[in-house]
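The values are calculated or read from the model by the stated rules, or taken from the named source; none is laboratory data. The structure displayed is predicted, hence computed values, not measured ones. For neighbour counting, all protein chains shown are included, and Cβ atoms are generated from backbone atoms with ideal geometry for every residue, glycine included. Heavy atoms of the whole protein, side chains included, go into the accessibility calculation; ligands, DNA and RNA do not. Shrake-Rupley method; radii C 1.70, N 1.55, O 1.52, S 1.80 Å.
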Amino acid sequence: MRKARSLALVGAGPVSRSFLARMPAVAEHLGPVMSLSFRLASRIANALRSGFPVAGYKELDRSRVILVSLPARYLFRVVSELAAAPLDWPRKTVILCDGERDSAVLAPLAACGAATASMAPLEGFDEKRLLIEGDPAALLAARRLLAHGDVRLVVLRRHTKAAYLAGITFLTALSAPLLAAANDCFRSAGLNSRLAAQLIERL
């Protein structure tokens, strides 16, 4: 019987090219890996050089934290399937690893009792800072997961990733009059003035 690991992954798409593949915590703690098929789960585990493939959602119950990294076309279906799975959700943290969607997507799992959050790299900081938003218990679990690495977490207000992304859109339009609007979006999402200014400068 395999040793239980504290971290599980439900993934599809280019997981091995995402920031997850470069997180020491994933390499150290990853256990069950589930995907759209057992074969794809095996490929992901092999590419990450960590974890082991599993065929059913019940196998995720051995882990306290579940990372979800899926293309948009699969995300809502898989979240619904997860919510219907017989897992001990009040003892689980689910972290969506997605640059566009926030933890609102995980509402069916939150309704089951899971702590939920979303996490993605902060633009312009070479994956040394990760944006995170979600409920307090999920933020605490993420901090513990990353405690021994050199990555810092930047906390957004819950369900405000749309405001952050609007700020990125204003910046990448390269129009000077939009800088103030970008700053307002970052501040409303919870970034402090110093970090907002750094982000604007780097981008």
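Under 6 Å between Cβ atoms, which residue pairs at least 6 apart in sequence (or on different chains) link something in segment 147-167 that is on the phi > 0 side of the Ramachandran plot with a partner that is buried (at least 19 other Cβ atoms within 10 Å of the Cβ)?
Matching pairs, first to second residue: 159/102.
Which one of 42, 16 is of a type in the set (S, T, N, Q), outside any loop (DSSP other than H, G, I, E, B) and over 23 Å from residue 121 (Cβ atoms)?
From the options 42, 16, the qualifying one is 42.
Residues checked against (1) open to solvent by 50 Å² or more (accessible area, probe 1.4 Å); (2) among the polar types (S, T, N, Q):
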position: 35; (1), (2): no, yes
position: 62; (1), (2): yes, no
position: 82; (1), (2): no, no
position: 97; (1), (2): no, no
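Which residue out of 129, 101, 157 is touching a strand residue (DSSP E or B) at 6+ places or on another chain (Cβ under 6 Å), closer than 27 Å to residue 201 by Cα and of a type outside the set (Gly, Ala, Ser)?
Just one listed residue meets the conditions, 129.
Would you mind listing the strands (runs of 3 or more DSSP E) fully within segment 93-203 where at least 2 residues are at pLDDT 95 or above?
Of the strands (runs of 3 or more DSSP E) lying wholly inside segment 93-203, those with at least 2 residues that are at pLDDT 95 or above span 93-97, 115-121, 129-134.
Kindly indicate whether any position in segment 38-45 is surrounded by fewer than 20 Cβ atoms within 10 Å (Cβ to Cβ), under 27 Å from residue 161 (Cα atoms) and either in contact with an Asp or Glu (Cβ under 7 Å, 6 or more places away or on another chain) or of a type in the set (D, E, K, R) (or both).
no
Looking at segment 58-76, I want the residues that are more than 18 Å from residue 48 (Cβ to Cβ) and have a partner that is assigned to a helix (DSSP H, G or I) with Cβ atoms under 8 Å, at least 6 apart or on another chain. Which pairs are those?
If the second residue must be assigned to a helix (DSSP H, G or I), the pairs left are 64/91; 64/141; 75/105; 76/105.
Between a first residue in segment 11-35 that is at positive phi and a second residue that is assigned to a strand (DSSP E or B) and open to solvent by 10 Å² or more (accessible area, probe 1.4 Å), which pairs have beta carbons less than 9 Å apart while being 6 or more apart in sequence or on different chains?
13/69
From 144, 158, 152, grab the single residue that is crowded, with 18+ Cβ neighbours inside 10 Å and basic (Lys, Arg).
One residue alone meets the criteria, 158.
Go through segment 132-147 residue by residue and tally those that are within 23 Å of residue 28 (Cα to Cα) and touching a helix residue (DSSP H, G or I) at 6+ places or on another chain (Cβ under 7 Å).
Number satisfying all stated conditions: 3.
Are any residues in segment 123-140 open to solvent by less than 20 Å² (accessible area, probe 1.4 Å) and over 17 Å from residue 199 (Cα atoms), and if so, which ones?
133, 134, 138
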